[in-house]
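The values are calculated or read from the model by the stated rules, or taken from the named source; none is laboratory data. It should be emphasised that the depicted structure is a prediction, and the values quoted were computed from it without experimental measurement. Note that each Cβ is placed from the backbone with ideal geometry, even for glycine, and that neighbours are counted across all protein chains shown. Note: accessible area is taken over every heavy atom of the protein model, side chains too, but ligands, DNA and RNA are not part of it. Shrake-Rupley method; radii C 1.70, N 1.55, O 1.52, S 1.80 Å.
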Amino acid sequence: MKKTVNINLAGTFFHIDEDAFGKLQRYLDAIRRSLSDPLGGEEIIRDIEARIAELFSEKIETNTQVVSVKELDEVIKIMGQPEDYAMGEASYDDDMGDASKGAVPFESKTRSSHKQLFRDIDNKFVSGVSSGLGHYLGIDAIWVRLLWILITFLTSGTAILAYVLFWILVPAAESTSEKLKMTGEPINISNIEKKFNEGYQNVADSIKNADYDKYGDKIRKGSSNFFDTLGTVIVTILKVFLKFFGVILMVVGLMSFVSIIIGLFAFGTFGIYDNGVGLDMWHLVDASNTPVWVISILGIFAFGIPMLILFILGLKIVAPNVKSIGTSAKITLLILWLASLGVIAALAIKQASARAYDNSTITEVSVPVNASEIFKVKMRADKQYSYEVNRHGGLKLRTNESGERVIYSNDIRLIVRHTDDSIGKLIIERSAEAADFIEAKTYADAINYNYTLTGNELLLDGFFTTAMDNKFRDQEIEIVLYLPSDTQLIADKNTYSFHRNSSSYRDILDNGDEGRLLRITPEGTVCLDCPTSSSNSKDVNDDYYQDRNSNQYSNEGWEQEVEDGLNGTRSNVKSVDKMLEEKEREIQQLKDSLEKGKNIKVNITTETY
């Protein structure tokens, strides 16, 4: 059992055992004695302690870990022993002479430090960004400044924003250790003292060569220059905004992370017990057959980890001194995130490929039509599923008469067309999607759909069903009814939503003609009971809008009302045009009779349209 001591080294607390503490004290005392010039010695010692504290922080993994003699020896090996070199002002002037005598500089015995980006405030023109970049890139600062000016002109001033970001984000090299990191020199005792002596010598030279009158004027006018003041103001304002932005990131990240955890955990729990709201619908659309709890875990990793990182980023912005998560934790989170994204991508590809192909099965039956009777078309509902039917996409889950859960849908399209044959025909096309054509045709064949043709009345189901095991495959039905010329047709008003088709479907049954007596022609339909006078037209329109408000008619919104009114007007115009054509033929016959000299008495009835 060893006694431990708590020490404060350069503002950082460490737990160190008693043996290592004594050795560290002796090491620092030896360094103090080895300093050739006592002037500035305390500042050199502070820089050395800061470097030792930095090395200790790299070697310990937790705040409770104790620094032992082993860690101290590794640090001393990096920093160097005081007796390994002879320091002093003369030693820096005679480095080459020492090398020729066989003395090996200590830098060759220690590891080289890689360069780090800092702002060189000792050689700054504005903020030291260009000087720091010059040290990091190994070029003179003047070329970096010229490059900033060139880029500023080429980017119309956008480079100024980048310069300000460098100013804010890149720290200034203030301590001796930071200045050594900036130039890439090893951070050891000799270099720390050398750097301090160089700075002290520069100050001494500047004092010797100073123009005291000039400095006196500067003291009277103030020691701060314009750029320092401007930089202080800009940096302060941007720091405030940066802190506020960090708070926003923390709130958004934490709330999103907690919401994702709670939501997906609850969803996954329902999935384990295979119950809960929405799980039936989930099973219908999930073609990959992946367990719900697996999807939940993948979702937590894929979406929760970025929100956690967002929270940590905001926390670091608000409180930069907060210790970051360890490297092993970062690597673990990265691996989990990438793995979850990969699995989700694979499942998404499988889900998409499950509906990559579509196929259909077609049923065609003859429809005998008696021209002397009116042919009626109507959609029907099944009360065990719904009391009325209207066309819409999607699907629902219903229970059939056997108590089995089935997929229920109203995705049915009705099209009426003219045929030159003497009899009509009914074509029913069932379609579905799957991973290949054969499987798609199998799912299309599995659609249950019925109709009834009794005399001149055709009853079409306004729905179809399929087994729940078939899942959602974008199943739909398209019904095309071909009728010969001069067929008299009445489409029930409940067919309205099923034949709302664009012109590309070549549907001759217009919306608004439901409930009207229509005659089928090669050109389309002619309304036989539509009003021909303006007064009757108004009454019919009033009846039409009353019917629109009835329970038998599907209200599709104000856009559809406008469309229905236009379709009704088009039907009236068609009937008027037809009657005008008949009157023109009568007039032409009259003219032909007069030319032939026939004495024919013709009664002409004038009507107002």
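Computed values, structure above
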quantity: Pick from segment 152-201, criterion crowded, with 17+ Cβ neighbours inside 10 Å and small (G, A, S), ranking: modelled with the lowest pLDDT; calculated: S190
quantity: Some residue of segment 441-451 being in contact with a Pro (Cβ under 8 Å, 6 or more places away or on another chain), open to solvent by 40 Å² or more (accessible area, probe 1.4 Å), in the same structural domain as S372 (by the TED database) and in a loop (DSSP other than H, G, I, E, B); calculated: no
quantity: Flag for N501 being crowded, with 18+ Cβ neighbours inside 10 Å, over 15 Å from S409 (Cα atoms) and modelled with pLDDT under 90; calculated: no
quantity: Residue pairs meeting the criteria (Cβ under 8 Å; at least 6 apart or on separate chains; first more than 17 Å from T452 (Cβ to Cβ), in segment 350-376; second of a type in the set (V, I, T) and surrounded by fewer than 12 Cβ atoms within 10 Å (Cβ to Cβ)); calculated: N359/I438
quantity: Pairs with Cβ under 6 Å, 6+ apart, first in segment 337-349 and under 13 Å from G299 (Cβ atoms), second surrounded by 17 or more Cβ atoms within 10 Å (Cβ to Cβ) and among the small types (G, A, S); calculated: S340/A302; L341/A302; I344/A302
quantity: Exclusive hit being of a type in the set (V, I, T), surrounded by fewer than 16 Cβ atoms within 10 Å (Cβ to Cβ) and either more than 30 Å from E514 (Cβ to Cβ) or over 43 Å from the mean Cα position of the chain (by Cα) (or both), set T399, T419; calculated: T399
quantity: Residues within segment 464-483 that are within 30 Å of T525 (Cα to Cα) and either free of Cβ contacts under 8 Å to residues at least 40 places away in the same chain or open to solvent by less than 20 Å² (accessible area, probe 1.4 Å) (or both), tallied; calculated: 6
quantity: Of all residues in segment 119-151 being β-branched (V, I, T), open to solvent by 70 Å² or more (accessible area, probe 1.4 Å) and assigned to a helix (DSSP H, G or I), the one that is nearest to I237 (Cα to Cα); calculated: I149
quantity: Some residue of segment 515-522 being in a loop (DSSP other than H, G, I, E, B), buried (at least 21 other Cβ atoms within 10 Å of the Cβ), in contact with a helix residue (DSSP H, G or I) (Cβ under 8 Å, 6 or more places away or on another chain) and without any contact (Cβ under 8 Å) to a residue 40 or more places away in the chain; calculated: no
quantity: Residues satisfying the stated conditions in segment 415-437, i.e. among the hydroxyl-bearing types (S, T, Y) and not in a strand (DSSP E or B); calculated: S422
